[in-house]
Amino acid sequence: MAATLKQRRPIEETARLGEKLYARLTKTVFGPADHRKFAALAVDSENYEIDEDDRAAIDRLKAREPDADIWLVMIGERAAAMFRSPR
């Protein structure tokens, strides 16, 4: 059974805080070795986990902070996923 994620704030606010944290971490923490890895960011505590597997990064962060609002990014990329509409 899939877990239900509980958001404590609107997704737009989580996105704003997540992008702000990501911008700061990109300048101070993330390096070339992290490119194209996933970063799960806890927007309140500013803790994070990095992994090549998105689910692994999220699971480790959730184990440390079960109630965290998490923003997921792919380091060095504009988006973690791309969606195309069918033709």
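No lab work stands behind these numbers, since they all come straight from the coordinates. All of these numbers come straight from a predicted model, not from anything done at the bench. Please note: Cβ atoms are built from the backbone with ideal geometry, for glycine as well, and neighbour counts cover all protein chains shown.
Structural remarks
- Using θ = phi - 60° in the Karplus curve 6.51 cos²θ - 1.76 cosθ + 1.60, the 3J(HN,Hα) couplings for the stretch 62-76 round to 5, 5, 7, 9, x, 9, 5, 7, 10, 10, 10, 9, 9, 4, x Hz; x is entered for Gly and Pro.
- All aspartates and glutamates inside 18 Å of K62 as judged from Cα atoms, apart from same-chain residues fewer than 8 positions distant: D44, E46, E49, D51, E52, D53, D54
- Of the peptides 50-56, 27-33, 70-76, 39-45, the ranking by mean beta-carbon count within 10 Å, highest at the top, reads 39-45, 70-76, 50-56, 27-33.
- Computed from phi, the 3J(HN,Hα) profile of the stretch 26-40 under the Karplus parametrisation 6.51, -1.76, 1.60 (θ = phi - 60°) reads 4, 7, 10, 10, 6, x, x, 5, 8, 3, 6, 8, 8, 10, 9 Hz, with x in place of Gly and Pro.
- For N47, residues with placed amide H under 5 Å, excluding near neighbours: A42
- Full extension of the chain segment joining E13 with E52 gains 11.4 nm, where the gain is 0.36 nm per residue of separation less the Cα-Cα distance.
- With Cα atoms as the point set, the stretch 11-74 shows a radius of gyration and Dmax of 10.8, 30 Å.
- Each of T14, A57, G31 was placed along the dipole of the stretch 11-74 (beta-carbon charges, centred on the mean Cα), and the one lying farthest toward the positive end is G31.
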